[in-house]
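For reference, the structure is listed below as C-alpha cells.
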Amino acid sequence: MDARIIRCAQSQSQLVVHTDAGCVATSWQVRGQEMLALPLALAEFVKSQKTGGIPLLYPYANRLRTDHFTAAGKAVDLSRDAKLKRDANGFPMHGLLIRWPDWVISQPAPDELEASIVWGDHAELFAAYPFAHTLRVRWKLGQGKNENANQIAGQGVNQIADQSKHLQTNPSADQSALASTLTVTTIIEADKGQDVPVSFGWHPYLVLNDRANAQLQLPARRAVALAHNGLPISTDNPESWLPAGTQSAVAPLDDLFQLDMRGTSGVELGNSFGELKSSTQVAPASAPQNVQASNEKSAPTAAIIAQRQRIEMKFLSGYSFMQIYSPTGTNFVCFEPMTATISGLCDDGVAVVKAGETFTAAFELRVL
C-alpha cells in the first residue's frame, strides 16, 4: 500500500491518503481523534470497491441512469469498462477512479499533498469517458478561526475544564478560538483542446458519535425528488427552499438537495452552477486564488454537533448540490459535495468547461 501522510503541527492533525487506491483519504486525525469512518478493516477496504474515508467520485458522483449518453457533444459508452462500479440495480455508480492506482503525486509542503491525472494518457479511462483534460487534486491541512466557539452543543463547565487542560499542555493554542481544517481543492483543466463536462463529487464519511443525542445543522437548501432507485424524478414544480436549521441525527438519511450558493451578498460563490440546466452552457475560468478566503463565512455549511464537538463541511466553491447519507445503525454522516445533480450527465444537467479554461471547486472540513 502506498500511503502518503501529511501533518500540521499547528492544528495537531494528520491525513493519510492511499495514492494507489484512488487517492482515497482513509484517516484524518485531529488531536489524536479519528474523524473518518471506514466500512471494513483498512487492508480489506483498499482492495474493495466500497466507499469510506474521503473518496473522489469522478467523473460523476452517485449514479447514472444509463451507460450511454451524450455530453459536451460527445457520445459516451460506459459499458466498455468491464470493471465499472455499479449499484444494486446495475446503474453506473461513483465514477471511474474509486481504486485507480496511477496518479502523479507531489508533496509541496509537510501539510499539503497534490495528485494529478492526464486523462488522455490512460487508454482505459479515455475509452470509457472520451474527454481529454488534466485533473488535479490538492489536500491541505491548516488552522482557522472557530466562529462557533459559543454555539457547540453541550458547552459548559466540563468543556471549559477540558480547554483549560489543553492550554496547560499547549499554551500557544487556544482551541476555543481555533479550528483544525482540511481543505480539498479539485481542478479540471480543459487543456487538450476539448470541452469537458463537470459532474464530479466527493463522499466524506464523517464519524458520528452518540447518534441518539447528536444534532445535524443543515444549510439553506431545496430538496430534489428521488425515485426508489435513487435517480431524480423529473418535475416542473421544484420543491420550495428550506431555511438553514438544526435537526436530530437519529433518523436515517439518504437525500439530495440543491444548495443556495449566492452567499450573504447575493453573489454566487466561486464557480457554482446550481442553476445551469443545459450541458451546452459553458463554465467560466476558475475564480481567483482569494475566492476561498472571501467565501469562508458565507459558504453553505453543514455540521455534526455531538459530545461537545462540531465537525463542519463548508461548500466553498463549485458545489451546487449536497447528498446526505447516513443509514440506520451506522456511525457516520456523509455530507457529499456534488458539482451536478444525480445523473446530470445523462439528463442534460451539467456545466461544461470550455477548451482552454479551468474549473475549480473546493470544500473545507473543520473540527471545532
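Structure data summary
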read-out	value
Added length on full extension, which subtracts the Cα-Cα distance from 0.36 nm per residue, Q33 to A251	76.0 nm
Cα→Cβ-extended label distance, 7 Å offset, between T66 and D236, nm	2.3
Reach of K85 by Cα under 19 Å, taken over aspartates and glutamates that are not fewer than 8 positions away in the same chain	D20, E44, D67, D77, D102, E124, E336
Counted charge near W202, where neighbours are those whose Cβ lies closer than 12 Å (Asp, Glu -1; Lys, Arg +1)	-2
Approximate spin-label separation D102-R308, in nm, with each point projected 7 Å along Cα-to-Cβ	5.1
Gained length - K47 relative to H228, 0.36 nm times residue gap less alpha-carbon distance	62.2 nm
Relative contact order %, region 189-244, counting alpha carbon pairs below 8 Å whose residues are six or more apart	29
Cross-link partners of K145 among aspartates and glutamates (Cα-Cα below 20 Å; sequence separation of 8 or more within a chain)	D111, E112, D162, D174, E296, E312, E364
Cα-projected label distance for A109 with K83, points at 7 Å along beta-carbon direction, nm	3.5
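None of the figures in this text is laboratory data; all of them are computed from the coordinates on show. What you see is a predicted model; the values in this text were computed from it and never measured. Note that each Cβ is placed from the backbone with ideal geometry, even for glycine, and that neighbours are counted across all protein chains shown.
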